[in-house]
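Below is one structure, written out as structure tokens, with a few remarks after it.
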Amino acid sequence: MRRAAPNIDAYIAEFPGEVAAKLQEIRKLVKDLAPEAEETISYGIPTFKLNGPLVYFAGFKHHIGFYPGGPDSIVEFRNELAQYKTSKGTVQFPLDQPLPTKLLTKIVTFRIQQNLEKKK
């Protein structure tokens, strides 16, 4: 069984170049959109928290897993996510395709708004 990395830097360092670069790209995108969010490892994967869990992401052999904190984001962006494998709270971005940064920006912004609403 794999030991959980102590932080996001260590987690990303476990992956080969192509996967690590995509993980770093997601990390930067989230940090740019939510600079006040806390970076941590939760459930063994990189996590951003802002008034609770914001988004999670993970590297795999053939895809990047992106977990936007529940089914609301998947439903909200279902048309734009149609080309990707999804489940109730997960999106899989294939490694052989560029990350959809515009779509990721929309999803993360949506999640930020959701979490800020919870604070009120």
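Quick check on this structure: which one of Arg27, Arg3, Arg78 is among the basic types (Lys, Arg), on the phi < 0 side of the Ramachandran plot and touching a Pro at 6+ places or on another chain (Cβ under 8 Å)?
Selected residue: Arg27, the only one of Arg27, Arg3, Arg78 that is among the basic types (Lys, Arg), on the phi < 0 side of the Ramachandran plot and touching a Pro at 6+ places or on another chain (Cβ under 8 Å).
For region 92-120, enumerate the residues that are assigned to a helix (DSSP H, G or I), of a type in the set (Lys, Arg) and either exposed (fewer than 11 other Cβ atoms within 10 Å of the Cβ) or modelled with pLDDT under 95 (or both).
Scanning region 92-120 gives Lys102, Lys118, Lys119.
Hey, among Pro35, Pro6, which residue is part of a loop (DSSP other than H, G, I, E, B), more than 16 Å from the chain's Cα centre (by Cα) and surrounded by fewer than 16 Cβ atoms within 10 Å (Cβ to Cβ)?
Testing whether each residue is part of a loop (DSSP other than H, G, I, E, B), more than 16 Å from the chain's Cα centre (by Cα) and surrounded by fewer than 16 Cβ atoms within 10 Å (Cβ to Cβ) leaves just Pro6.
In the set Gly89, Gly69, which member is of a type outside the set (Phe, Trp, Tyr), surrounded by 17 or more Cβ atoms within 10 Å (Cβ to Cβ), modelled with pLDDT under 95 and under 12 Å from the mean Cα position of the chain (by Cα)?
Gly69
On the basis of being crowded, with 18+ Cβ neighbours inside 10 Å, on the phi < 0 side of the Ramachandran plot and touching a helix residue (DSSP H, G or I) at 6+ places or on another chain (Cβ under 9 Å), does Phe60 make the cut? Walk me through it before giving the result.
Numbers: crowded, with 18+ Cβ neighbours inside 10 Å: no; on the phi < 0 side of the Ramachandran plot: yes; touching a helix residue (DSSP H, G or I) at 6+ places or on another chain (Cβ under 9 Å): yes.
No, not satisfied.
Give me the residue from region 13-31 that is assigned to a helix (DSSP H, G or I) and more than 13 Å from the chain's Cα centre (by Cα) and, out of that set, farthest from Tyr67 (Cα to Cα). So that I can check it myself, show each step before the final result.
First, the residues of region 13-31 that are assigned to a helix (DSSP H, G or I): 13, 17-31.
After this cut, where a residue has to be more than 13 Å from the chain's Cα centre (by Cα) as well, the list is 13, 17-21.
Details: Ala13: 20, Gly17: 22, Glu18: 20, Val19: 17, Ala20: 17, Ala21: 18 Å.
Step by step, filter region 13-31, then rank; the result is Gly17.
Would you mind telling me which numbered condition in (1) among the aliphatic types (A, V, I, L, M); (2) touching a Ser or Thr at 6+ places or on another chain (Cβ under 7 Å); (3) over 15 Å from Arg111 (Cβ atoms) Leu33 fails?
Just one mismatch for Leu33, condition (3).
The values are calculated or read from the model by the stated rules, or taken from the named source; none is laboratory data. None of the values given here were measured: they were computed from a predicted structure. We place every Cβ from the backbone using ideal geometry, glycine too, and count neighbours over all the protein chains shown.
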